[in-house]
1. Just to be sure I understand, how many residues within segment 42-99 are among the basic types (Lys, Arg) and in a strand (DSSP E or B)?
2. Do you know which of the residues in segment 92-117 that are farther than 19 Å from ALA62 by Cα and in contact with a Leu (Cβ under 7 Å, 6 or more places away or on another chain) is surrounded by the most Cβ atoms within 10 Å (Cβ to Cβ)?
Amino acid sequence: MRLVNPGGNHVRRGELGASVAGLKGPEVRPAYSSGNRRWWVVPAQRHPVLWIARAAVVSAPAEIDARNAGDVLACLLAVIGEGPATLIVDMTTTAFCDSAGVSSLVQAFRRAGASGIEMRLAVSRPSVRRVLEITAVDQLIGTYPSVPASLIGGMGPPEAQPSSNTSG
């Protein structure tokens, strides 16, 4: 998957290198930036964060369950603490999300809202979309089919944004 920034540059998942993955905390996180400074990547906790202007895109793991939901929440809260205008959780490679994962997303959404930050989800897998539909999280948090779609998604209430319900 490639993420496209407004300047046309691409970042492919996995291009950061293994040496960056183990870094923690804002004081030791190096920034990888394009020459035009329109985007940069900062590894946060175990989940890479791609910054595009004032939007933070956090890559979620392939599975979010009771084993790692706390990690995911801690990462999202750390990014919220950095003060982005928009927080996008990239769940396009997430194949499984249980109730602990859903709870982490809702907790992060509440904290983001209290901080004046809009949170969006990029979800492409039908199994994860279905969990968000059943729990009505897709009605609470704006849900988009891809990261680029979530970046250009409109402001406004979640019901005005694309959700996992695409039938007409």
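1. Of segment 42-99, the ones among the basic types (Lys, Arg) are 46, 54, 67.
Going one step further and asking which of them are in a strand (DSSP E or B), we end up with none.
Adding up the residues that qualify gives 0.
2. Taking segment 92-117 first, the residues farther than 19 Å from ALA62 by Cα are 107, 109-117.
So of that shortlist, the ones also in contact with a Leu (Cβ under 7 Å, 6 or more places away or on another chain) come out as 107, 109, 111-112, 117.
Numbers: GLN107: 14, PHE109: 24, ARG111: 17, ALA112: 21, ILE117: 21.
Per the criteria, the residue is PHE109.
To keep it simple, each residue is scored yes or no on (1) modelled with pLDDT of 95 or more; (2) assigned to a helix (DSSP H, G or I); (3) under 23 Å from LEU50 (Cβ atoms).
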| site | (1), (2), (3) |
| --- | --- |
| GLY101 | yes, yes, yes |
| ARG110 | yes, yes, no |
| GLY116 | yes, no, yes |
| ARG130 | yes, yes, no |
| GLU133 | yes, yes, no |
| THR143 | yes, no, yes |
| GLY154 | no, no, yes |
| ASN165 | no, no, no |
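Listed here are the residues, each with its yes/no results for (1) of a type in the set (S, T, N, Q); (2) out of contact with any helix residue (DSSP H, G or I) (no Cβ under 7 Å at 6 or more places or on another chain); (3) within 16 Å of ILE141 (Cβ to Cβ).
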{"position": "LEU50", "(1), (2), (3)": "no, yes, no"}
{"position": "ALA66", "(1), (2), (3)": "no, no, no"}
{"position": "CYS97", "(1), (2), (3)": "no, no, yes"}
{"position": "GLN107", "(1), (2), (3)": "yes, no, yes"}
{"position": "GLY113", "(1), (2), (3)": "no, yes, yes"}
{"position": "ARG120", "(1), (2), (3)": "no, no, yes"}
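A quick yes/no check of all residues on (1) touching an Asp or Glu at 6+ places or on another chain (Cβ under 7 Å); (2) small (Gly, Ala, Ser):
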| position | (1), (2) |
| --- | --- |
| THR86 | yes, no |
| ASP90 | no, no |
| ALA95 | yes, yes |
| SER99 | no, yes |
| SER103 | no, yes |
| ARG111 | no, no |
| GLU118 | no, no |
| LEU121 | no, no |
| ARG125 | no, no |
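The values are calculated or read from the model by the stated rules, or taken from the named source; none is laboratory data. Quantities reported herein were computed from a predicted structural model and do not represent experimental measurements. Every residue, glycine as well, gets a Cβ built from its backbone with ideal geometry; the counts of neighbours run over all protein chains shown.
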